[in-house]
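The values are calculated or read from the model by the stated rules, or taken from the named source; none is laboratory data. Just so you know, these numbers come straight off a predicted model, no measurement behind them. Because the Cβ atoms are built from the backbone with ideal geometry, glycine has one as well, and the counts that use them run over all protein chains shown. When the accessible area is computed, the model is the full protein with side chains, heavy atoms only, and any ligands, DNA or RNA have been set aside. Shrake-Rupley method; radii C 1.70, N 1.55, O 1.52, S 1.80 Å.
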Number of protein chains: 2
Amino acid sequence: MTEHRVVVVGGGFAGLQLVHSLKGAPVKITLVDRRNHHLFQPLLYQVATTVLATSEIAWPIRRLYRNRPDVTTLLDEVLGVDRASRTVQLKSGEVLEYDTLVLATGARHAYFGRDDWESMAPGLKTLEDATTLRRRILLAFERAELTNRTTELDAQLTFAIIGAGPTGVEMAGMIAELAHHVLPPEFRKIDTKRTRVLLVEAGPRVLPAFSEDLSAYAKSALEKLGVEVLTGKPVTAITEDGVTIGDTFVPARTVMWAAGVQASPAAKWLEVEADRAGRAVVGPDLAIADDPNIFVLGDTASVIQDGKPVPGIAPAAKQQGAYVAKLMHARLSGKPVPGPFRYKHQGSLATIGRRAAVIDFGKFKLKGGLAWWIWGLAHIYFLIGTRSRLAVAWSWMWTHMSGLHSARLITQKESLKDES
Amino acid sequence: MTEHRVVVVGGGFAGLQLVHSLKGAPVKITLVDRRNHHLFQPLLYQVATTVLATSEIAWPIRRLYRNRPDVTTLLDEVLGVDRASRTVQLKSGEVLEYDTLVLATGARHAYFGRDDWESMAPGLKTLEDATTLRRRILLAFERAELTNRTTELDAQLTFAIIGAGPTGVEMAGMIAELAHHVLPPEFRKIDTKRTRVLLVEAGPRVLPAFSEDLSAYAKSALEKLGVEVLTGKPVTAITEDGVTIGDTFVPARTVMWAAGVQASPAAKWLEVEADRAGRAVVGPDLAIADDPNIFVLGDTASVIQDGKPVPGIAPAAKQQGAYVAKLMHARLSGKPVPGPFRYKHQGSLATIGRRAAVIDFGKFKLKGGLAWWIWGLAHIYFLIGTRSRLAVAWSWMWTHMSGLHSARLITQKESLKDES
């Protein structure tokens, strides 16, 4: 009997959990990702806002499987899937044969039909997104220090964040901290405390996934940090010069997008039904309708439970990866397969600046300083590897005690042409 | 009396030492750099070879002077100097008036008239240089794993480093370590131990600034790591496909340049005499010939002592910065000015891989493991700030104990257009 070949595309939370949980199964796994690293996306905003270094939240995927000879890692891109021949075409020319195919390729920002906004208002999904935002934020203060024109100064010191989910709230809080508490002693001409941070949300409240009282707390905590929270305000235009909120134009040189996501094209590769955000529709076993050996997981999949979509967060992706591994273990050993996938919501967490957080465990809700500590410990626990845990714990402790941010690098585009 | 205005261009070792030593002087300092960070260049090769993270060896210049209200930091570029009006023109449009001008703008790689080689064989001077090299090195192994053609495999697994000064020796040693000791368990198809690392030097021996026996030791230590040391071999051509050494073409996808430097254009701005490498000729007080209030320091200056040029290394730059500060303190207080600048050579250090180093203190020479520890402690001591010292010490300890490299990120060019 030849070994069962599993091709996993995507080294995010769902893909890695699956590979992890398949340990010991009689399979040969090929894991394909177009990046060489797994990224701990929940802390990406801390790279963008100069608290953490890039290498503290990203790990070479290949290194994670040093001791797993059953896992082959490929840095490559998927061009398409041929379901008839059960193969995946890669950009390098390689063609991978599969018995089971798992697509967990994540999502990118969605601009609701306004793709021209992307260059003006980048989102936050990759390490490059984070260093781009970091560069833009730091350069805005540098340019403010250099200008002699008041209108330019005001525009450079105005930051607009579109979308008040956890990422938007976390970015707004950290930029306000930076402007009001970290940077003031470092500039001679400008007063960085004059910085305006606008958090713009089309819906009625910030953190809509949280309970109403936590949402209200988050709003007042943000306002205490100096963030202007504008709810019920749709953004109608974004240009190089600023952002139009409803009918009002606000000059702003730094605009950030945290308002929506679009799934990667897995549904197109498979030619299966997708929802409005491009997520492939899957059944209760997370396989697509007409092939029990093709699974779609994480932000790429539309999983409906009790009439509601399962949220696009790390714990949901990990639970899906673990479920498919369990299903495959059962199938391969001829044991009864588990029942349908059930997402177990463990809670929603979001931080506001350096000292406060909100946690919504459903019955149990928490806000303020203690919530921040729990949030911090939970995130350190979920980081991969002892080294990263210690490094992040150390960076946070240092930031907390010294009030300084350490990863404040502007890395610029080089003129040198490079092949990649 | 108006305050004495000092304009310092360049936040490298010379510029920062000068600003540091001017503390308490009755001056108003403006420090201009086109990067927002000071870079600890002696450890840059460790970023390129995945041991250290970028933020561990770079510090926002502005943060260093939080508590120095006499120092204004500007992120800007010099367009020119007008000596008649005693002003410096900046790219932002700002014009800075000076009473004393200090230019310490460093050097870039020099390709001896073959500037077309730069894109094929990048050097190592900036953080972007280091992340570019890191990306190329890591991608070579990834592409080797993906190819099915033996010739392509061999070319991807061949690394050529041109120039066997400390940077070349350190890069060669670390790439060999990576290929022979770190990466082997992580690849399934290729044997990374087959990697060839060529260290190509036109001169007769590696580390020419060191004594002959240390140079011989370095050569044999490199060979023990698996590096092929080719001395007395000039490179005659570099293409996308490889490098021609003498008359022999060697297919190599990754070529690195560590063979020569060219000073930044300070001499041109000042319209003063320069040496072959573009360094401004300065007198024994480090001022230019016809203006005692304009100083040129570090890699930008040609300082001749006992008939030999002072080397372009960090300690020389720092001594020059300290000397000019002392001179200015004396001038401003009307005290006798110090005698001519004397460079005091404290020693030459270079590492070979993760376990060995050579140290040449003149009378006292050291090689091997103990030298490595002394090298490490010296470099940690010279890093700026407690946090960086602890972070680097920790990274090294981890690398040493675990045998893993942690900062192994391939950060790619994004398609998103960005303004900077």
**Asked** Does B:Pro234 fit the bill of being open to solvent by 20 Å² or more (accessible area, probe 1.4 Å), in contact (Cβ under 8 Å) with a residue 24 or more places away in the chain, over 22 Å from B:Thr158 (Cβ atoms) and under 23 Å from the mean Cα position of the chain (by Cα)?
**Response** no
**Complete:** Those residues of the stretch B:131-149 which are of a type in the set (A, V, I, L, M) and touching a strand residue (DSSP E or B) at 6+ places or on another chain (Cβ under 9 Å) amount to B:Leu133, B:Ile137, B:Leu138, B:Leu139, B:Ala140, B:Leu146
**Prompt:** Name the residues in the stretch B:272-300 that are farther than 22 Å from B:Asp115 by Cβ and touching a residue at least 60 places away in the same chain (Cβ under 8 Å), would you?
**Reply:** B:Asp291, B:Asn293, B:Ile294, B:Phe295, B:Val296, B:Leu297, B:Gly298
**Request:** Kindly indicate whether any position in the stretch A:346-359 is in a helix (DSSP H, G or I), open to solvent by less than 80 Å² (accessible area, probe 1.4 Å) and modelled with pLDDT of 70 or more.
**Result:** no
**Message:** Given the condition of a type in the set (A, V, I, L, M, F, W, C), within 24 Å of the chain's Cα centre (by Cα) and surrounded by fewer than 20 Cβ atoms within 10 Å (Cβ to Cβ), answer yes or no: does some residue in the stretch A:291-301 qualify?
**Reply:** no
**Asked** Of all residues in the stretch B:76-87, how many are over 26 Å from the mean Cα position of the chain (by Cα) and assigned to a strand (DSSP E or B)?
**Response** 2
**Prompt:** Is it fair to say B:Ile304 is closer than 30 Å to B:Lys344 by Cβ and exposed (fewer than 15 other Cβ atoms within 10 Å of the Cβ)?
**Reply:** yes
**Message:** Anything in the stretch B:128-139 that is within 11 Å of chain A (Cβ to nearest Cβ) and more than 23 Å from B:Asp33 (Cβ to Cβ)? List them, or say none.
**Reply:** B:Arg134, B:Arg135, B:Arg136, B:Leu138, B:Leu139
**Asked** Any chance the stretch A:226-233 includes a residue that's at pLDDT below 95, among the basic types (Lys, Arg) and out of contact with any His (no Cβ under 8 Å at 6 or more places or on another chain)?
**Response** yes
**Prompt:** Taking the stretch A:92-127, which residues are within 11 Å of chain B (Cβ to nearest Cβ), among the acidic types (Asp, Glu) and within 27 Å of B:Thr147 (Cα to Cα)?
**Reply:** A:Glu94
**Message:** Can you tell me which of (1) touching a residue at least 40 places away in the same chain (Cβ under 8 Å); (2) closer than 24 Å to B:Leu138 by Cα is the one B:Ala202 doesn't meet?
**Reply:** (2)
**Prompt:** Hey, any hits in the stretch A:318-326 for a residue that's open to solvent by 10 Å² or more (accessible area, probe 1.4 Å) and of a type in the set (Val, Ile, Thr)?
**Reply:** no
**Selection within the stretch A:381-403 - hydrophobic (A, V, I, L, M, F, W, C), touching a Phe, Trp or Tyr at 6+ places or on another chain (Cβ under 8 Å) and either modelled with pLDDT of 85 or more or surrounded by 17 or more Cβ atoms within 10 Å (Cβ to Cβ) (or both)** = A:Leu383, A:Ala391
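Could you tell me which of the residues A:Thr239, A:Thr248 is assigned by TED's automatic domain parsing to the domain that holds A:Ala357 and either in contact with a helix residue (DSSP H, G or I) (Cβ under 9 Å, 6 or more places away or on another chain) or surrounded by 14 or more Cβ atoms within 10 Å (Cβ to Cβ) (or both)?
Answer to the selection: A:Thr239.
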**Item:** Search result, residues across the stretch A:251-264 that are open to solvent by less than 20 Å² (accessible area, probe 1.4 Å) and more than 30 Å from A:Val281 (Cβ to Cβ)
**Value:** A:Ala252, A:Thr254, A:Val255, A:Met256
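Of all residues in the stretch A:1-28, which are among the β-branched types (Val, Ile, Thr) and surrounded by 23 or more Cβ atoms within 10 Å (Cβ to Cβ)?
Going residue by residue through the stretch A:1-28, those that are among the β-branched types (Val, Ile, Thr) are A:2, A:6-9, A:19, A:27.
Selection gives A:Val6, A:Val7, A:Val8, A:Val9, A:Val19.
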**Asked** Being among the β-branched types (Val, Ile, Thr), open to solvent by less than 10 Å² (accessible area, probe 1.4 Å) and within 17 Å of A:Thr131 (Cα to Cα), is that true of even one residue in the stretch A:30-48?
**Response** yes
**Item:** Residue, surrounded by the most Cβ atoms within 10 Å (Cβ to Cβ), within the stretch B:146-155, restricted to residues that are without any contact (Cβ under 8 Å) to a residue 60 or more places away in the chain and in a helix (DSSP H, G or I)
**Value:** B:Leu146
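Kindly evaluate B:Ala274 against the criterion of being in the same structural domain as B:Ala301 (by TED's automatic domain parsing) and in contact with a Phe, Trp or Tyr (Cβ under 6 Å, 6 or more places away or on another chain).
no
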**Test: residue in the stretch A:156-178 that is open to solvent by 30 Å² or more (accessible area, probe 1.4 Å), within 10 Å of another protein chain (Cβ to nearest Cβ) and not in a strand (DSSP E or B)** = no
**Asked** Regarding B:Leu127, is this residue crowded, with 21+ Cβ neighbours inside 10 Å, under 26 Å from the mean Cα position of the chain (by Cα) and of a type in the set (A, V, I, L, M)?
**Response** yes
**Message:** I'm trying to understand the selection: among the residues of the stretch A:211-223, which are open to solvent by 10 Å² or more (accessible area, probe 1.4 Å) and under 16 Å from A:Gly173 (Cβ atoms)?
**Reply:** A:Ala216, A:Tyr217, A:Lys219, A:Ser220, A:Ala221, A:Glu223
**Message:** Every residue in the stretch B:69-100 that is free of Cβ contacts under 8 Å to residues at least 24 places away in the same chain and acidic (Asp, Glu), please.
**Reply:** B:Asp82, B:Glu94
**Prompt:** Which of the residues belonging to the stretch B:181-211 are modelled with pLDDT under 95, more than 14 Å from every other protein chain (Cβ to nearest Cβ) and either in contact with a Ser or Thr (Cβ under 6 Å, 6 or more places away or on another chain) or in a helix (DSSP H, G or I) (or both)?
**Reply:** B:Ala209, B:Phe210
